[in-house]
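**Q** I have a structure here, written as structure tokens, and I will follow up with some questions on it.
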Amino acid sequence: MVLKPVPCPACEDTQNVVKRGKSKEGKQRYLCQNPMCSTKTFILDYSDKGRLPEVKRQMVDICVHGSGIRDTARVSP
């Protein structure tokens, strides 16, 4: 049996990441115990792509720049 270290998506730390139960879909949830990290819990493979941190950042950028409906349709995922 091989244990693969799981890196935190925010701080890239592998030492302070532990398992934190399962999501409603049955996917493994992880907890970053690094006190300096902004992300606390995360999932490695999201089934809903809209919940990915990159997509959330992209949506915030679109809103901050005042893009309209047509502009948001042009943005590639």
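**Q** Name the residues in the range 11-59 that are in contact with a Lys or Arg (Cβ under 9 Å, 6 or more places away or on another chain) and either acidic (D, E) or within 30 Å of D71 (Cβ to Cβ) (or both), would you?
**A** F42, I43, D45, Y46, S47, G50, V55
**Q** Consider only pairs whose beta carbons are under 7 Å apart and that are at least six residues apart or on different chains; among these, list those whose first residue lies in the range 6-21 and is outside the structural domain of T39 (by TED's automatic domain parsing) and at positive phi and whose second residue is of a type outside the set (A, V, I, L, M) and part of a loop (DSSP other than H, G, I, E, B).
**A** Pairs that qualify, where the first residue is outside the structural domain of T39 (by TED's automatic domain parsing) and at positive phi and the partner is of a type outside the set (A, V, I, L, M) and part of a loop (DSSP other than H, G, I, E, B): there are none.
**Q** Pairs needed: first member in the range 55-76, modelled with pLDDT of 80 or more; second member anywhere, in a helix (DSSP H, G or I); C-beta distance under 6 Å; at least 6 residues apart or different chains.
**A** I62/T72
**Q** Considering only the range 32-66, state which residues are among the charged types (D, E, K, R), surrounded by 10 or more Cβ atoms within 10 Å (Cβ to Cβ) and within 15 Å of P7 (Cα to Cα).
**A** Hit for the range 32-66 is K40, nothing else.
**Q** In addition: For the range 48-72, what are the residues that are more than 24 Å from C11 (Cβ to Cβ) and part of a loop (DSSP other than H, G, I, E, B)?
**A** H65, G66, S67, G68
The values are calculated or read from the model by the stated rules, or taken from the named source; none is laboratory data. Everything numeric in this text was worked out from a predicted model, so none of it was measured. In this analysis, Cβ positions are derived from the backbone assuming ideal geometry, glycine residues included, and neighbour counts consider all displayed protein chains.
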